[in-house]
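Asks: Once you've had a glance at the structure underneath, I'll fire off some questions.
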Amino acid sequence: MNINGKPHRTIWIHPDNSEIIQIIDQRKLPFKLIIEDLISVDDIENAIVDMHVRGAGLIGATAGFGMYLAVCKSSEDSFKKELMVVGERLKNTRPTAVNLQYAVERQIEVINSCNTLAQCIRETRSKAQEIADEDAAMCKSIGEHGLGIIKEISDKKKGEIVNILTHCNAGWLAFVDYGSATSPIYLAHDSGIKVHVWVDETRPRNQGARLTAWELLMHGVSHTVIPDNTGGHLMQHGLVDIVITGADRVTKAGDAANKIGTYLKALAAKDNNIPFYVALPSSTFDWKISDGIKEIPIEQRDGNEVKYMDGLLDKVEQKFLIMPEKSSVANYGFDVTPARLITGFITERGICSASAESIHHFFFR
Ligand code: MRU
């Protein structure tokens, strides 16, 4: 996607040094565009935990490159053993998004099939790039499939503006490129369909206000940032035509974990008869589990993310305490929207209903 007219991905290998991985440090957006160099597994681990990179697809791709960097730093005689330990470490950085685990497992398969360290460096590098490229390609196809849904609403409204509500950032910043929930929106906008996006600010890290709004602004898509609790009111007043969110892990029965607060939007959408779609690459399905509420691990993050807010004051980034310091806080990163509240999944293969039978038929027929 473009930043000030220049194409960017969210992660890439340094053009002059293949042992450096470069990322956009998302903690600094929308105020500054900082490109950060990652040179070790510690850097990768830190970038994922502290959310320099975030979003299911992107943390998967970052872990893939992390395994490659770990191989580069390994020794010939013990590389396989060392890398199993690194794999476990990376898998535990963020527990909810399943893409992270798949990326590490794919790299471990490659590592186990290699005979020499030199071969392993070559092959994990190309696998990391493959994981990243696949992520971008899947998101592009999600856009093509989701476009049809937006077009249908636009046709029904005789070309009037289609109002789309989204939560968190399931945009290109959450993946390697294009995004999941935003990919159909960008295509609709590019093809001349009138769209407007309601962007949930998404407390506590404000990925909606800081990242989704910035992305949409860069692409010239009309949007309005709203406090998290506004969606229900807008829906009751006919101001939302469709909700599209992303997902961090979806079970084979169609329960979807996404950023905390998504479930409440799905309930409000159901009550107001508004289609609620989840856009995701198939790498976000967890084929091993069915019951999302019981089986998806929900990350709990540092309470300071709730107690303090970041922002700009007089052009300087500042942190503000926004509550009594001694009050306790809870910071669950995700919630699970049961399949019964989801109209359908927009995937790289097409649109699929949210039930165990449809998902099975759709992916394994
Ligand atoms: O905590 P984050 O920012 O990594 O949250 C993940 C997300 O980006 C959202 O839940 C998003 O909607 C999922 S789409 C990758």
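The values are calculated or read from the model by the stated rules, or taken from the named source; none is laboratory data. All values derive from a computational prediction rather than experimental measurement. Positions of Cβ are backbone-derived with ideal geometry, glycine not excepted, and every protein chain shown enters the neighbour counts. Each accessible area value is taken on the protein alone, full model and side chains, heavy atoms only, with ligands, DNA and RNA left out. Shrake-Rupley method; radii C 1.70, N 1.55, O 1.52, S 1.80 Å.
Quick grid of which residues meet (1) at negative phi; (2) at pLDDT 95 or above; (3) hydrophobic (A, V, I, L, M, F, W, C); (4) within 14 Å of the ligand (Cβ to nearest atom):
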site	(1), (2), (3), (4)
Gln129	yes, yes, no, no
Asp135	yes, yes, no, yes
Ile142	yes, yes, yes, yes
Asp190	yes, yes, no, no
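Asks: For the range 67-97, what are the residues that are modelled with pLDDT of 95 or more, open to solvent by less than 10 Å² (accessible area, probe 1.4 Å) and within 24 Å of Lys259 (Cα to Cα)?
Replies: Matches in the range 67-97: Leu90, Thr96.
Asks: Where residues in the range 14-48 are of a type outside the set (A, V, I, L, M, F, W, C) and closer than 17 Å to Gln207 by Cβ, which of them is surrounded by the fewest Cβ atoms within 10 Å (Cβ to Cβ)?
Replies: Applying the filter and picking the extreme gives Lys32.
Asks: Something else: Asn258 is checked against (1) more than 23 Å from Ile59 (Cβ to Cβ); (2) surrounded by 15 or more Cβ atoms within 10 Å (Cβ to Cβ) and fails just one. What number does that condition carry?
Replies: That leaves (1) as the condition not met.
Asks: Got a sec? Which of Asp291, Asp248 is within 14 Å of the ligand (Cβ to nearest atom) and either crowded, with 23+ Cβ neighbours inside 10 Å or assigned by TED's automatic domain parsing to the domain that holds Val195 (or both)?
Replies: Asp248
Asks: A further question on this structure: Against the condition more than 12 Å from the ligand (Cβ to nearest atom) and in contact with a Ser or Thr (Cβ under 7 Å, 6 or more places away or on another chain), how does Val176 come out, does it pass?
Replies: When the stated conditions are applied, Val176 does not pass them.
Asks: Quick one: would you say Ile121 is without any contact (Cβ under 8 Å) to a residue 60 or more places away in the chain, in contact with a Gly (Cβ under 9 Å, 6 or more places away or on another chain) and not charged (D, E, K, R)?
Replies: no
Asks: State whether the residues of the range 328-337 include one that is touching a Leu at 6+ places or on another chain (Cβ under 9 Å), assigned to a strand (DSSP E or B) and of a type in the set (A, V, I, L, M).
Replies: Within the range 328-337, the first condition is being touching a Leu at 6+ places or on another chain (Cβ under 9 Å), and the residues that meet it are 335, 337.
Cutting the leftovers down to assigned to a strand (DSSP E or B) gives us 335, 337.
Retained after the next criterion (residues that are of a type in the set (A, V, I, L, M)): none.
So far as the range 328-337 goes, no, none of its residues is touching a Leu at 6+ places or on another chain (Cβ under 9 Å), assigned to a strand (DSSP E or B) and of a type in the set (A, V, I, L, M).
Asks: Further, regarding this structure: Could you check Asp37 against (1) at pLDDT below 95; (2) not in a helix (DSSP H, G or I) and say which number it fails?
Replies: Among (1) at pLDDT below 95; (2) not in a helix (DSSP H, G or I), the lone unmet condition for Asp37 is (1).
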